[in-house]
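Down below is the structure, laid out as C-alpha cells.
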Amino acid sequence: MQLVMKKVFSTGEAAAICKVSQQTIIRCFDTGRLQGFRVPGSRFRRIPRESLILFMKENDIPLELLDSGKRKILVVDDDPEIVELMVDVLERDGRFEVRTASSGYDAGVVTHDYRPDLIILDYMLPDVNGNVVCKTIRSKDTFEHMKIIIVSGVVNQDEIDNLLEIGANDFMQKPFSIDSLIVKITELLEI
C-alpha cells in the first residue's frame, strides 16, 4: 500500500516520511511530542495520519512524501544507457520518483538537496569510487535514513565486505536483472 493512502503509520514509516531515524520518531513519541497509540498487548507504536501531519508542520518537515506517496531514488552511474534503463523502469513502476547523477561530486550535491530514500551507487565513478561517496553519506546524521545499494562489475569479495562495513546496505554484481534490483529496493524500503 502506498504511504499516501495510509491512515496509520508505524514508527519506521513515519521515520522514512520525516527523513529522520526511527529512534528519533520513537523518542518523540515517548516524550509526547508525537501523538499516537500503542498496539494493545505489544510494544509497537502507531501514529495516526493527522498526528504525523501536525508533527511535521510543527517541526518544518516538508509534507511531500505524504502528498506524492512516492519514494525518492537517486541513481548514480556514469553510463548513460544504464541510467536511462533504470530511470525508465523505476518511473514506470509508479512507486518511485527518480533523480540521477553521473559523478561522486554530483551525487553529493543531489543527495544534499534531494534527500533520497535510496541511492543506487555505481562503484566505479569518473571522479571517486563509490566507497568514498558511501562513507561521506554515512558520516552525516541527516542522511542516516538513506539506503545504499552499490552496483559494480569489477569488485572482489573483500571489497564487497568493506563496502557493507562502511555503510552500504546491499551490493549487486553487474550485470543484474532489473527485476532483482526492484526486489532489493522494495525490501530495503519496506514497501
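FYI, it's all coordinate maths here, none of it is from the lab. All values derive from a computational prediction rather than experimental measurement. When we count neighbours, we look across all protein chains shown, and the Cβ atoms used for this are built from the backbone with ideal geometry, even at glycine.
Which residues does a label at R138 reach in segment 170-189, if reach means a backbone N under 14 Å from a point 7 Å past the Cα toward the Cβ?
Of the residues in segment 170-189, 170-171 have backbone N under 14 Å from the label point off R138.
Using 0.36 nm times the number of residues separating L189 and D78, minus their current alpha carbon distance, what extension gain do you get? Please list the in-between numbers first.
Numbers: separation 111, 0.36 × 111 = 39.96 nm, distance 2.44 nm.
Gain in length upon complete extension: 37.5 nm.
For the chain, what does the helix formula give at 222 nm: sum of -39500 (n - 2.57) over DSSP H segments with n ≥ 4, over the residue count, nearest 500 deg cm²/dmol?
My calculation for the chain gives -13000 deg cm²/dmol from helical runs alone.
Among G130, N59, S177, flag the residue with its Cα farthest along the positive direction of the charge dipole of the chain, charges on Cβ as +1 for Lys/Arg and -1 for Asp/Glu.
N59
Suppose every Lys and Arg Cβ carries +1 and every Asp and Glu Cβ carries -1, with no other charges. What dipole size does the chain come out with about its Cα centre, to the nearest 20 debye? Working shown, then result.
Details: 24 positive and 31 negative charges, 281 e Å.
With only Lys, Arg, Asp and Glu charged at Cβ, the dipole is about 1340 debye.
Of Q22, L188, L164, which is farthest along the charge dipole of the chain in the positive direction, counting Lys and Arg as +1 and Asp and Glu as -1 at C-beta?
Q22
If each residue of separation counts as 0.36 nm, what is the full-extension length gain between K57 and D30 once their alpha-carbon separation is subtracted?
Numbers: separation 27, 0.36 × 27 = 9.72 nm, distance 1.89 nm.
That works out to 7.8 nm of additional length.
Kindly provide the Kirkwood hydrodynamic radius of the chain in Å, to one decimal, from all pairs of distinct alpha carbon atoms.
Values: mean 1/r = 0.0573 Å⁻¹.
Taking every pair of different Cα atoms in the chain, averaging 1/r and inverting gives 17.5 Å.
So in the chain, what percent of DSSP beta bridges are antiparallel if you round to the nearest 5? Mind dumping the intermediate values first?
Numbers: 6 of 25 bridges.
Looking only at bridges with both residues in the chain, the antiparallel portion is about 25 percent.
Can you give the charge dipole size of segment 3-66 about its Cα centre, rounded to the nearest 20 debye, using +1 on the beta carbon of Lys and Arg and -1 on the beta carbon of Asp and Glu? Write out the running numbers ahead of the final one.
Details: 11 positive and 6 negative charges, 56 e Å.
Result for segment 3-66 is approximately 260 debye, rounded to the nearest 20.
Which percentage, to the nearest 5, of the DSSP beta bridges contained in segment 120-191 is antiparallel? Write out the running numbers ahead of the final one.
Working: 1 of 8 bridges.
In segment 120-191, approximately 10 percent of DSSP beta bridges are antiparallel ones.
Residue by residue through segment 11-23, which ³J(HN,Hα) values in whole Hz follow from phi under the Karplus form 6.51 cos²θ - 1.76 cosθ + 1.60 (θ = phi - 60°), with glycine and proline marked x?
These are the phi-based 3J(HN,Hα) values: 5, x, 5, 4, 4, 5, 5, 7, 6, 10, 6, 4, 4 Hz.
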